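Read the structure below first, then the notes.
The values are calculated or read from the model by the stated rules, or taken from the named source; none is laboratory data. These numbers were taken from a predicted model, which means no experiment stands behind them. So basically every Cβ, Gly included, is an ideal-geometry build from the backbone, and we count neighbours across all protein chains shown.
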Ligand code: B12
Ligand code: SF4
């Protein structure tokens with residue numbers, strides 16, 4: 001039997017523009033499909049005899065192999081069927097579910113005899129209901145898939161009855177759907193073979209989330225992951241994790257690895273033992289992980305840093321004790337703050353995550369959450385996320401509040417062409433409960449728009465992370481700032497994007513324009529804040545990949561050397577010393593005047609932009625160099641006469657500035673033509 005396992009479609013939200021039009025190029029996110037590689041390795045070892053291939057879909061879209069036109073899902077089906085597989089297995093996470101159904105539909109339309117299976121967290125809890133709703137699927141694999149999938153393949157090979165395959169939902173004769181009993185989780189993850197990394201063609205480059213363990217024993221009300229893995233906390237052994245990382249380093253050159261485990265430090269003794277062994281192994285590989293702030297200590301953080309941990313994701317979820325209790329997360333927020341601080345002190349980047357839009361959310365709890373978001377963002381000076389609560393079937397909250405899911409969501413979906421878009425919309429409307437994660441819970445305690453406005457906002461806020469800690473204290477409360485933003489962007493979208501489906505979403509340039517108008521309204525125009533907004537605006541215009549200007553060897557430019565413009569650049573005038581604000585340390589004292597200076601964003605080579613601070617003489621030299629000419633002529637034209645005489649030795653100061661500009665490649669030596 002020939003089998004294809006395909007990745008799920010995943011939009012690269014960071015690259016998606018709010019102004020994208022239906023049918024525009026789709027920026028997709030590739031990722032190493034760890035679950036599929038594990039399924040293949042297990043099935044191969046079990047001797048199912050199936051020839052299994054893992055197929056990447058996101059990369060194909062990015063490469064232009066799958067056009068974003070009226071036949072989008074059909075193109076994918078065609079690609080998957082091209083190799084003549086007998087069975088196509090599709091993985092799916094929340095956002096991709098509707099696309100997965102439409103791909104399966106096209107597969108069956110083109111090739112009714114091809115078997116189609118689905119697995120993953122978005123389909124698993126729907127079980128029989130999913131197969132009853134969508135005849136294009138033959139099998140649904142619930143929960144952890146390795147044993148179920150392998151047993152299903154062997155059973156099909158031997159033409160035996162599927163009735164005994166635990167964890168399988170299947171379509172029998174006459175289309176009848178059978179739901180077999182659930183399968184217990186695999187108690188010892190070391191019993192799994194190493195995922196078949198070689199089966200994925202982008203192993204050297206795609207973001208990797210290594211399966212170091214599964215399951216979380218906590219029971220937060222909004223969370224679906226804990227129940228997906230039956231709340232059974234398991235980790236692979238220290239030796240096994242190190243073996244997998246060594247393999248990834250030696251075979252694919254991977255030196256940065258994200259650990260996929262919801263709560264990596266749940267067992268402090270394990271985490272410490274891992275860190276000690278990993279540090280001793282000296283692999284030269286850095287890693288990131290996720291955990292809770294109440295199962296980690298400053299001592300463990302030190303150990304983790306010593307073992308190469310560079311980033312930790314902490315799900316904080318709510319900014320008030322009241323909401324912490326309501327969602328059963330029960331974090332002590334003061335302790336969370338101490339842990340975020342200790343993380344920074346250990347030299348690890350903290351990322352904090354918050355959720356907005358719980359059914360019991362009030363303006364007070366939202367204010368607390370937004371306040372904590374900014375507090376932790378400033379404290380960690382790295383990243384913080386704000387998500388809008390997504391109803392997931394397997395979460396305890398879904399079970400108790402499912403009738404309250406009545407809000408349309410504003411999340412970025414693929415900007416598809418009219419036909420496929422209409423098919424997606426129709427699916428979601430007709431099967432509202434199945435596609436519940438595309439909707440949101442009612443929030444009667446919040447004014448309209450406040451919950452959905454949080455949907456895509458946090459990545460943009462993080463881009464401007466140095467600005468908010470300085471601006472927000474000028475408002476009566478963080479919520480007041482947020483309310484004003486929501487009203488502003490709503491009016492702006494009605495004016496500038498009248499046909500957009502996003503009413504409350506904005507991008508970084510919207511946030512900058514909003515900040516500018518607020519600075520004006522608050523009577524802060526001309527302050528350091530104005531300079532900071534001007535800086536961020538210029539930086540965005542110049543390009544996003546930024547590195548500080550490097551000290552470069554200063555060349556000896558002679559008087560007769562012909563010089564001209566060296567590269568693209570953007571330049572702006574500043575009056576305040578931004579060094580502190582840009583370092584996330586706020587404004588020093590009372591925003592000291594530094595006199596005027598210019599910041600240049602220069603793009604000397606590739607796509608990387610350098611920032612260089614220059615004085616007025618530098619600015620005049622750059623402007624005059626639009627026409628190449630000898631260094632002496634350029635200087636004579638720029639520097640006021642009467643500084644001692646017209647000879648080169650009278651312009652030593654100007655030569656020195658000119659040489660610096662050449663060293664930074666803003667100006668360059670032009671060879672005579
Ligand atoms: C790493 C990760 C990512 C990575 C990689 C994605 C991936 N799935 O590999 C990235 C960053 C790309 C990502 C993105 C997103 N993620 Co994510 N992610 C995870 C995380 C932390 C680990 C996934 C993992 O590797 N697990 C370990 C492997 C072994 O398990 P697995 O992938 O589930 O696969 C097993 C089974 O599900 C099953 N199986 C899976 N697919 C198939 C297919 C077939 C044919 C069969 C037979 C079996 C089968 O067998 C596998 C082996 O046991 C999980 C949480 C978790 N702990 O699982 C969230 C999780 C999967 N993500 C989630 C979400 C919501 C998202 C996003 C929508 C976020 C966003 N808004 O952008 C996107 C969507 C991506 C998409 N394609 O739509 C949710 C999904 C919730 C739901 N009910 O659907 C989860 C559960 C976290 C949560 N919030 O609760 N994610
Ligand atoms: S949110 Fe995190 S801590 Fe809470 S149950 Fe889910 S995985 Fe566990």
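Checking each residue in segment 313-370 for being in a loop (DSSP other than H, G, I, E, B), within 16 Å of ligand 2 (Cβ to nearest atom) and under 18 Å from residue 388 (Cβ atoms) picks out 318, 319, 327, 329, 357, 358.
If the condition is being modelled with pLDDT of 95 or more, within 30 Å of residue 361 (Cα to Cα) and not in a strand (DSSP E or B), then segment 400-423 contributes 400, 401, 402, 403, 404. Screening residue 444 with (1) more than 18 Å from residue 506 (Cα to Cα); (2) in contact with a helix residue (DSSP H, G or I) (Cβ under 6 Å, 6 or more places away or on another chain) gives one miss only, at (2). Each residue in segment 303-312 was checked for being within 16 Å of ligand 1 (Cβ to nearest atom) and either crowded, with 21+ Cβ neighbours inside 10 Å or in a helix (DSSP H, G or I) (or both), and 1 of them qualify.
Flag set for residue 195, criterion: touching a helix residue (DSSP H, G or I) at 6+ places or on another chain (Cβ under 6 Å), touching a residue at least 60 places away in the same chain (Cβ under 8 Å), within 14 Å of ligand 1 (Cβ to nearest atom) and more than 23 Å from residue 132 (Cα to Cα). Residue selection: residue 122 fails the criterion of being in a loop (DSSP other than H, G, I, E, B), more than 23 Å from residue 234 (Cβ to Cβ) and either within 13 Å of ligand 1 (Cβ to nearest atom) or modelled with pLDDT under 95 (or both).
Summed over segment 489-500, residues that are within 15 Å of residue 17 (Cα to Cα) and loosely packed, with under 14 Cβ neighbours inside 10 Å total 2.
The condition of being more than 16 Å from ligand 2 (Cβ to nearest atom), within 26 Å of residue 459 (Cα to Cα), touching a strand residue (DSSP E or B) at 6+ places or on another chain (Cβ under 6 Å) and at pLDDT 95 or above does not hold for residue 32. Can you say whether residue 151 is more than 22 Å from residue 425 (Cα to Cα), within 16 Å of ligand 2 (Cβ to nearest atom) and modelled with pLDDT of 95 or more, as far as the supplied structure shows? Criteria not met by residue 151.
Yes/no per residue for (1) within 14 Å of ligand 1 (Cβ to nearest atom); (2) assigned to a helix (DSSP H, G or I); (3) without any contact (Cβ under 8 Å) to a residue 12 or more places away in the chain:
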{"residue": "37", "(1), (2), (3)": "yes, yes, no"}
{"residue": "65", "(1), (2), (3)": "no, no, no"}
{"residue": "74", "(1), (2), (3)": "no, yes, no"}
{"residue": "101", "(1), (2), (3)": "yes, yes, no"}
{"residue": "107", "(1), (2), (3)": "yes, yes, no"}
{"residue": "112", "(1), (2), (3)": "no, no, yes"}
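Beta carbons closer than 9 Å, at least 6 apart along the sequence or on distinct chains, pair a first residue in segment 212-241 that is over 12 Å from residue 143 (Cβ atoms) and without any contact (Cβ under 8 Å) to a residue 60 or more places away in the chain with a second that is near ligand 2 (Cβ under 7 Å from one of its atoms) and not in a loop (DSSP other than H, G, I, E, B) for 216/225; 216/226; 217/226.
Need the failing condition index for residue 249 against (1) within 16 Å of ligand 1 (Cβ to nearest atom); (2) surrounded by fewer than 20 Cβ atoms within 10 Å (Cβ to Cβ); (3) more than 24 Å from residue 120 (Cβ to Cβ), just the number. Evaluating residue 249 over (1) within 16 Å of ligand 1 (Cβ to nearest atom); (2) surrounded by fewer than 20 Cβ atoms within 10 Å (Cβ to Cβ); (3) more than 24 Å from residue 120 (Cβ to Cβ) leaves (1) as the failure. Take residue 453 and decide whether it is within 23 Å of the chain's Cα centre (by Cα), surrounded by 21 or more Cβ atoms within 10 Å (Cβ to Cβ) and in a helix (DSSP H, G or I). Spelling it out, residue 453 is indeed within 23 Å of the chain's Cα centre (by Cα), surrounded by 21 or more Cβ atoms within 10 Å (Cβ to Cβ) and in a helix (DSSP H, G or I). Just to verify a result, which residue in segment 456-481, among those that are touching a residue at least 60 places away in the same chain (Cβ under 8 Å) and farther than 21 Å from residue 381 by Cβ, is surrounded by the most Cβ atoms within 10 Å (Cβ to Cβ)? Looking at residues that are touching a residue at least 60 places away in the same chain (Cβ under 8 Å) and farther than 21 Å from residue 381 by Cβ, I get 456.
Taking the conditions (1) more than 15 Å from residue 259 (Cα to Cα); (2) more than 16 Å from ligand 2 (Cβ to nearest atom); (3) in contact with a strand residue (DSSP E or B) (Cβ under 9 Å, 6 or more places away or on another chain) in turn, residue 244 satisfies each one other than (1).
So that you can scan it fast, the table gives a plain yes or no per residue for (1) in a helix (DSSP H, G or I); (2) within 22 Å of residue 569 (Cβ to Cβ); (3) modelled with pLDDT of 90 or more:
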{"site": "634", "(1), (2), (3)": "yes, yes, yes"}
{"site": "641", "(1), (2), (3)": "no, no, no"}
{"site": "645", "(1), (2), (3)": "no, no, no"}
{"site": "652", "(1), (2), (3)": "yes, no, no"}
{"site": "657", "(1), (2), (3)": "yes, yes, yes"}
{"site": "665", "(1), (2), (3)": "no, yes, no"}
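Out of the residues in segment 395-423 that are within 16 Å of ligand 2 (Cβ to nearest atom) and surrounded by fewer than 19 Cβ atoms within 10 Å (Cβ to Cβ), state the one that is farthest from the chain's Cα centre (by Cα). Selected residue: 400.
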